[in-house]
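Some notes on the structure that comes next.
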Amino acid sequence: MSALRIPDIISKKRDGFELTEEEIESFVSKVVDKSFEGAQLGAMLMAIYLKHLNDAETTRLTRAITHSGIVLTWPHKWKGQIVDKHSTGGVGDKISLLLAPALAACGMKVPMISGRSLAHTGGTLDKLESIPGFRVHLTHQEMTDILETVGCFIAGQTDDIVPADKIMYASRDVTGTVSNLGLITGSIISKKAAESLDALVLDVKTGKAAIIQDEKLARELATQMV
Ligand code: URA
């Protein structure tokens, strides 16, 4: 895998070819170990943005990001109760902050891994951090303890949990590569897969304040994520 050259992976996507599982896994692991450096990551994201990922590549990317860190495990007694929802990017944070505690009050366990702002959309974590003392980086043990006692948390990606999404997410935000369906699907579904959920609601935003403004594209995104 290490024999794959980073510039070759970038130019293959730039020229519109399909990336193999080995190439996508190599890309994601090199993002995490930082050998895919900033300029190269920006170029790769732009190549993906312009040439798109097909369904097979999107699946490969999602799997690779999910397994870039640990996949969370939960006590067996919670089987069937571990649920979450994720929005595809609007402005308001009108759902998460109400729904997570409401589900917890109904006896569910909600291990919500969320993101920061992307482009013009609001970041749940950034808003929560405006509360003095609020900590968005939790260890796996802290997550389990909070789910046991409170029933829900909202936390960010870490160096252990979907670390590739943490790095790619920040880079997409500053390289004009946010609104690409394959990248959004990879980012959202990897986080949710790493949470080991029993059920997930996808809240797909569309309209002039959303990342995906065109309704037809938003429907396509919904289908792709499912
Ligand atoms: N939310 C995410 O976590 N990732 C995206 O790419 C968009 C919305």
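The values are calculated or read from the model by the stated rules, or taken from the named source; none is laboratory data. Predicted model, so just to flag it, every value in this text is computed and none were measured. Backbone-built Cβ (ideal geometry, glycine too); neighbour counts: all protein chains shown. Quick note on the areas: whole protein, heavy atoms, side chains included, nothing else; ligands and nucleic acids left out. Shrake-Rupley method; radii C 1.70, N 1.55, O 1.52, S 1.80 Å.
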Inset, instruction - Would you please list the contacts, defined by Cβ atoms under 6 Å and residues six or more apart or on different chains, that run from a residue in the stretch 200-226 that is among the hydrophobic types (A, V, I, L, M, F, W, C) to a residue that is part of a strand (DSSP E or B)? - result: Leu200/Asp84; Val201/Lys85; Ile211/Thr121; Met225/Leu202
Legend entry - From the options Ala155, Ala170, Ala193, Ala164, residue that is in contact (Cβ under 8 Å) with a residue 24 or more places away in the chain, within 27 Å of Phe27 (Cα to Cα), surrounded by fewer than 17 Cβ atoms within 10 Å (Cβ to Cβ) and within 13 Å of the ligand (Cβ to nearest atom): Ala170
Legend entry - Residues (within 12 Å of the ligand (Cβ to nearest atom) and either open to solvent by 50 Å² or more (accessible area, probe 1.4 Å) or touching a strand residue (DSSP E or B) at 6+ places or on another chain (Cβ under 8 Å) (or both)) located in the stretch 208-223: Ala210, Ile211
Legend entry - Verdict on Ile24 being surrounded by fewer than 17 Cβ atoms within 10 Å (Cβ to Cβ), under 19 Å from Lys191 (Cβ atoms), in contact (Cβ under 8 Å) with a residue 12 or more places away in the chain and out of contact with any Ser or Thr (no Cβ under 9 Å at 6 or more places or on another chain): no
Inset, instruction - Keeping to the stretch 33-78, report how many residues are closer than 17 Å to Ile10 by Cα, away from the ligand (no atom under 16 Å from the Cβ) and hydrophobic (A, V, I, L, M, F, W, C). - result: 5
Legend entry - Failed item, numbered, when Lys205 is tested on (1) surrounded by fewer than 21 Cβ atoms within 10 Å (Cβ to Cβ); (2) within 23 Å of Lys34 (Cα to Cα); (3) near the ligand (Cβ under 10 Å from one of its atoms): (2)
Legend entry - Residue count for the stretch 79-106, restricted to those that are within 14 Å of the ligand (Cβ to nearest atom), part of a loop (DSSP other than H, G, I, E, B) and of a type in the set (S, T, N, Q): 1
Inset, instruction - Give the residue, chosen from Lys51, Lys109, Lys79, that is free of Cβ contacts under 8 Å to residues at least 60 places away in the same chain and open to solvent by 40 Å² or more (accessible area, probe 1.4 Å). - result: Lys51
Inset, instruction - Answer yes if at least one residue in the stretch 107-117 is closer than 21 Å to Leu61 by Cα, part of a loop (DSSP other than H, G, I, E, B) and not aromatic (Phe, Trp, Tyr), and no otherwise. - result: yes
